[in-house]
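The values are calculated or read from the model by the stated rules, or taken from the named source; none is laboratory data. Fair warning: this is a prediction, and the values are worked out from it, not measured in the lab. Cβ placement follows ideal geometry from the backbone for every residue including glycine, while neighbour counts extend to all protein chains displayed.
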Amino acid sequence: MFSGSIPALATPFRDGKFDEAAFRKLIDWQIANGSNALVPCGTTGEASTLSNEEHHRVIEVCVDQTAGRVPIIAGCGSNDTQNALMHMQFCEEAGVAAGLCVAPYYNRPSQSGLIAHFSYLAENSTLPIVLYNVPSRTVTDIKDETVVELVKRYPERIVAIKDASGDLSRVADHRMGLSKDFCQLSGNDELWLPHAAAGGRGAISVTANVAPALCAEFHEAISANDLKRARELNDRLFPLHYAMFSDASPAPVKYALSQVHDWFAEDVRLPLCNASDEARAEVDKALEHAGLS
């Protein structure tokens, strides 16, 4: 269903408010530079600092500006099952392609709790679900056997996974337990190449915010089995992958975007702070290495 370079879009703020005009420009720039789908209101989109009203407005603007040119996978996750369902029901009406549903954070549910949570969402909404496993943030890990059970229960509803566990063996584990057609997307930019080699379809990427054309070309090289070109591009992008996490994300990527576009402000919301001087220096160096400055 999904493949390629899929940016986890940063949400621009200006004077403390959602900067709709900048977000529309970002969407057009992403599509013009080859991004295969868009993800608003994910981790990089600072969904955890958005009110429900703002969250839905960001998705509305993304749907309107995209105008069907690429699919939208909208962030629908919450540590509250009912709130996650509310986001999914809104997204159904808004016309997005799927909901990105993170494992409930803070509550630390058991694997049985995860199955119950995602089963409830699948049974009470017709929106396709992309599971999002990022245990470094949620503390809870969606184990391989849990993914397999959920997909087997709801093959028409649970259609993909964004795996940010950092464990490349997961790709083969999922392939062994499920159809090889199950869509696996890397959630770690620095692991995109080996993830693809193991059977991944692409990446929901932080780096693609600032380097959409390079990330799209990288995916095309992988798809064409042009390993030489893929390695060249991976080497070019690799410092940027790490620079995006040189401070609390998404502060570094917002700083990077502000260096590439004068219409994108670097502002983040508390409890996050703008990128430190050290992080800015690392981002600047990585942008230069990638040929983006």
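The combined condition, being modelled with pLDDT of 95 or more and either in a strand (DSSP E or B) or more than 21 Å from Pro40 (Cβ to Cβ) (or both), is fulfilled by Val151. For the range 243-262, check the following and say yes or no: at least one residue is of a type in the set (Phe, Trp, Tyr) and not in a helix (DSSP H, G or I). Checking the range 243-262: at least one residue is of a type in the set (Phe, Trp, Tyr) and not in a helix (DSSP H, G or I). A Cβ distance below 9 Å, combined with a sequence gap of six or more or placement on separate chains, defines the contacts here; from the range 1-19, residues that are free of Cβ contacts under 8 Å to residues at least 24 places away in the same chain reach no residue that is of a type in the set (Lys, Arg).
Conditions (1) aliphatic (A, V, I, L, M); (2) surrounded by 17 or more Cβ atoms within 10 Å (Cβ to Cβ); (3) part of a loop (DSSP other than H, G, I, E, B), marked per residue:
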position: Cys41; (1), (2), (3): no, yes, yes
position: His56; (1), (2), (3): no, yes, no
position: Gly68; (1), (2), (3): no, no, yes
position: Gly77; (1), (2), (3): no, yes, yes
position: Asn83; (1), (2), (3): no, no, no
position: Cys91; (1), (2), (3): no, yes, no
position: Val96; (1), (2), (3): yes, yes, yes
position: Leu100; (1), (2), (3): yes, yes, no
position: Pro109; (1), (2), (3): no, yes, yes
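Among the conditions (1) closer than 15 Å to Lys254 by Cα; (2) crowded, with 20+ Cβ neighbours inside 10 Å, Lys25 misses just one, which is (2). Restricting Ile27, Ile31, Ile59 to those that are touching a Leu at 6+ places or on another chain (Cβ under 7 Å) and aliphatic (A, V, I, L, M) reduces the list to Ile27.
So, Arg201, is that one of a type in the set (D, E, K, R) and in contact (Cβ under 8 Å) with a residue 60 or more places away in the chain or not? Yes.
Those residues that are among the polar types (S, T, N, Q) and either in contact with a strand residue (DSSP E or B) (Cβ under 9 Å, 6 or more places away or on another chain) or under 16 Å from His241 (Cα atoms) (or both), I need them from the range 271-292; list them, please. Scanning the range 271-292 gives no hits. For the range 246-293, a tally of residues being crowded, with 17+ Cβ neighbours inside 10 Å, out of contact with any Asp or Glu (no Cβ under 7 Å at 6 or more places or on another chain) and without any contact (Cβ under 8 Å) to a residue 24 or more places away in the chain returns 1. When Ile6 is evaluated against the numbered criteria (1) within 27 Å of Ala221 (Cβ to Cβ); (2) buried (at least 18 other Cβ atoms within 10 Å of the Cβ); (3) over 12 Å from the mean Cα position of the chain (by Cα), which criterion, by number, is the only one it fails? With respect to (1) within 27 Å of Ala221 (Cβ to Cβ); (2) buried (at least 18 other Cβ atoms within 10 Å of the Cβ); (3) over 12 Å from the mean Cα position of the chain (by Cα), Ile6 is out only on (3).
Pairing residues of the range 109-132 that are more than 26 Å from Ala37 (Cβ to Cβ) with residues that are assigned to a helix (DSSP H, G or I) and among the small types (Gly, Ala, Ser), at Cβ distances under 9 Å and at least 6 apart in sequence or on separate chains, gives Pro109/Ala116.
Condition check: over 19 Å from Ser3 (Cα atoms) and of a type in the set (A, V, I, L, M). Does Ala290 satisfy that? When the stated conditions are applied, Ala290 passes them.
Among residues that are surrounded by fewer than 24 Cβ atoms within 10 Å (Cβ to Cβ), of a type in the set (Gly, Ala, Ser) and either touching a residue at least 40 places away in the same chain (Cβ under 8 Å) or farther than 16 Å from Gln30 by Cα (or both), Ala224 is included. Screening the range 123-137 for residues that are in contact with a strand residue (DSSP E or B) (Cβ under 6 Å, 6 or more places away or on another chain) and not aromatic (Phe, Trp, Tyr) and picking the one that is farthest from Cys91 (Cα to Cα) gives Asn133.
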